[in-house]
């Protein structure tokens, strides 16, 4: 009897849905819990100064804006953009290479500053109407014009809107670009939601998350060309890439469903076997008792 129970338990454990790796599990169970507090971020000297009473009023808002930004979420801190040494008060406003740190960059300096990380986007921007207007005539929009400086949010097509775009030109051209981006951007959102769902169920999705990130980065670099015809032309290629990611995601979701169904079926089978065993042994005992009495 006990061997039957042991074997059944082992079989059920073996067919349980694949669990996320240790880091994902730890993140979900401990770091992301409300009681875990805010993520630990090495803010350094920059934040200490910009929250002190000696700082000018308009500078005091910078730390809070940064904490609410996509940069703050991923711990891209002040020195990553502005230079300086955030661990040393004496060197806090100096570049690690000995020169002065970058304070508020001039409009033409902004794209190169952001482009140190956003390489693909910089290349597209420089060749775009926006980039040429800025570099050649000094009057075009730069990264900050559309994305802001410190409270930078995750890229999405809502950045393209009448209020922002009509500061420089009519909204009609921008609206056409937004329409061209709409379908692919919606698919990004659907796949992201699908990944979150299967991760919550224990699937390991690292590979498809990386591929989705690469696809999103390439697509957003493309639309920084602000070339509507080019975006429309390339949209099909990105659709094919997303089809492949969606196929991989559907496969993972299917495997999870199968394992859950199989686990449930095996559990019921085990219960049925135990019940059958119970009645069989009981009948056998009753038969022996009757034989003795006879």
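Every number here is computed from the coordinates shown, using simple stated rules; none is lab data. What you see is a predicted model; the values in this text were computed from it and never measured. Please note: Cβ atoms are built from the backbone with ideal geometry, for glycine as well, and neighbour counts cover all protein chains shown.
One table, with the values for the structure above:
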read-out	value
Estimated inter-spin distance, residue 162 and residue 211, nm [label 7 Å along Cα→Cβ]	4.1
Paramagnetic reach from residue 258 in the range 189-206 [backbone N under 16 Å; point 7 Å along Cα→Cβ]	203-204
Ascending count of other beta-carbon atoms within 10 Å, so fewest first, for 56, 247	56, 247
Extension gain (nm, one decimal) between residue 201 and residue 53, 0.36 nm per residue minus Cα-Cα	48.5 nm
Residue 232/residue 170 FRET efficiency (R0 25 Å; Cβ-Cβ; nearest 0.05)	0.80
Extension reserve of the residue 190-residue 64 stretch, reckoned as 0.36 nm per residue once the Cα distance is removed	42.3 nm
The range 181-283: relative contact order as a whole-number percent, Cα under 8 Å and 6+ apart	37
Estimated FRET transfer efficiency (residue 268, residue 246; beta-carbon r; R0 35 Å; 0.05)	0.60
